[in-house]
Amino acid sequence: MTIEALAKIKFNNNILIVDDHPFIIEGYKNAITRYKTDEYTFMIDQAKNCETAYDIITNPETAPFDIAFLDISMPPFESKNIFSGEDLAKLLQTYMPNCKIILLTMYTELLKIKTIVKTINPAGLIVKNDLNFEVLIFAIDTIINNKKYYSDSIISMLELVDADAVEIDVFDKQILFHLSKGTKKSDFPQYIPLSAGAIERRKKDLMLLLKIESGLDKDLVQEAKAKGLLY
């Protein structure tokens, strides 16, 4: 094959976009399809919630995706325990391990961001408030060239001193887990090697740490999830 013929070859990329806002999906598609049109072609699949994304990813006839854009907050698919873009990312890592995952989020909690980086290690992580056409094009270019792209807000958060983050130990995490599962308080000592009194004191400390003024377990669980302490 001649050099001229090689120069005309385009690299095809299969793309998945998952977001519950159609206009956002169209914005992503508009940017993607304008990226280096002389070098790349893109085949784009889209999904509006966790259920439709799950069906696409697990369908044996779906060609492996090269890049996936996943909004973190989306309508869940509870019967399959898929509650967010993070869960979809883990699903993709199982079914299509070579897919480069870009997570998009409104979260600005340091510990939540650190948890995403630790558990998913995405190729891209973007706070939506940082996003515009130029940022999206630059992110695509960076990731296609096998580098990671984290948006400015993500980088700023990750550069914060660890002391700014909320940290809890394994017993606190177990307490939060069993609260989220609805375990009876009288049964907690069966699962956690602490006395009932010690468990209650730790729960009160968690309420103070996470600033839960209502004193309600459901609010404690919700805030723990928001900060990435429970997922």
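Could you work out the helix-only [θ] at 222 nm for the chain, with each DSSP H run of four or more residues adding -39,500 (n - 2.57) and the total divided by the number of residues, to the nearest 500 deg cm²/dmol? Mind showing how you got there, number by number?
Values: 11 runs with 106 residues, N = 231.
Rounded to the nearest 500, it is -13500 deg cm²/dmol.
Give, in nm to one decimal, the length gained when the segment between Q222 and D38 is fully stretched (0.36 nm per residue of separation minus the Cα-Cα distance).
Additional length available on full extension: 61.5 nm.
Just add up the charged neighbours of T142: K/R +1, D/E -1, any other residue whose Cβ is under 12 Å from the Cβ of T142.
On the way: positive: K100, K147, K148; negative: D141.
Once all neighbours under 12 Å are counted, the net charge is +2.
Starting from the residue with the highest accessible area, list Y28, Y95 in decreasing order, probe 1.4 Å. List each step's numbers first, then the result.
Working: Y28 10, Y95 115 Å².
So, going from the largest accessible area down, we get Y95, Y28.
From the phi angles alone, apply the Karplus equation (6.51, -1.76, 1.60; θ = phi - 60°) to the stretch 140-157 and give each ³J(HN,Hα) in whole Hz, x where the residue is Gly or Pro.
Rounded to whole hertz, the list is 4, 4, 4, 6, 4, 8, 6, 10, 8, 10, 10, 5, 4, 5, 5, 4, 4, 5.
Given a cut-off of under 8 Å on Cα pairs at least six residues apart, what relative contact order in percent is computed for the chain?
15 percent
Compute the Kirkwood hydrodynamic radius of the chain, taking the inverse of the mean of 1/r over all pairs of distinct Cα atoms, and give it in Å to one decimal. If you can, show how the numbers build up before the last one.
Numbers: mean 1/r = 0.0507 Å⁻¹.
With all distinct Cα pairs of the chain included, I get 19.7 Å.
For the chain, with all protein chains present and a 1.4 Å probe, just round the carbon and sulfur fraction of the accessible area to a whole percent. Let's see the in-between values first.
Details: 6830 of 12990 Å².
Answer for the chain: carbon and sulfur cover 53 percent of the accessible area.
What list of ³J(HN,Hα) couplings, whole Hz, do you get for the stretch 36-48 from phi and the Karplus terms 6.51, -1.76, 1.60, once you set θ to phi - 60° and write x for glycine and proline?
Calculated HN-Hα couplings, in order: 6, 5, 7, 10, 10, 10, 10, 9, 10, 9, 9, 9, 9 Hz.
Could you sort out which of K128/K227; K112/K203; K90/K118; K80/K181 sit more than 22 Å apart by Cα distance in this structure?
In this structure, not one pair exceeds 22 Å between Cα atoms.
Leaving out ligands, DNA and RNA but keeping every protein chain, what accessible area does I116 have, in Å² rounded to the nearest 10, with a 1.4 Å probe?
Here the residue's solvent-accessible area equals roughly 0 Å².
How would E159, E61, E26, E39 rank on accessible area, largest to smallest, probe 1.4 Å?
E61, E159, E26, E39
Cα axis of helix 196-209 to longest principal axis of the chain: angle in degrees, 0 to 90, nearest 10?
So the inclination is approximately 50 degrees.
Over all distinct Cα pairs, what is the inverse of the mean 1/r for the stretch 51-182, reported as the Kirkwood hydrodynamic radius in Å?
With all distinct Cα pairs of the stretch 51-182 included, I get 16.1 Å.
Expected output is a single nm value to one decimal: the length gained when fully extending between T119 and F11, i.e. 0.36 nm times separation in residues minus the C-alpha distance. What is it?
Result for the pair: 35.9 nm of gain on full extension.
Using only the heavy atoms of the protein chains and a 1.4 Å probe, how would I212, I32 rank by accessible area, largest first?
Ranked list, largest accessible area first: I212, I32.
What are the trypsin sites (Lys or Arg not before Pro) within the stretch 16-97 that DSSP puts in a loop, where the Cβ has at most 14 other Cβ atoms within 10 Å? Intermediate results must be reported in sequence, preceding the final value.
Numbers: sites: K29, R34, K36, K48, K80, K90; in loops: R34, K36, K48.
Filter output for the stretch 16-97: R34, K36.
Helix 110-119 versus the longest principal axis of the chain: what angle, 0 to 90°, nearest 10, using Cα atoms?
60 degrees
Please report the accessible area of F83 (heavy atoms, 1.4 Å probe, ligands and nucleic acids excluded) in Å², nearest 10.
100 Å²
The values are calculated or read from the model by the stated rules, or taken from the named source; none is laboratory data. All values derive from a computational prediction rather than experimental measurement. Note that we place each Cβ from the backbone using ideal geometry, even for glycine, and neighbour counts take in every protein chain shown. Quick note on the areas: whole protein, heavy atoms, side chains included, nothing else; ligands and nucleic acids left out. Shrake-Rupley method; radii C 1.70, N 1.55, O 1.52, S 1.80 Å.
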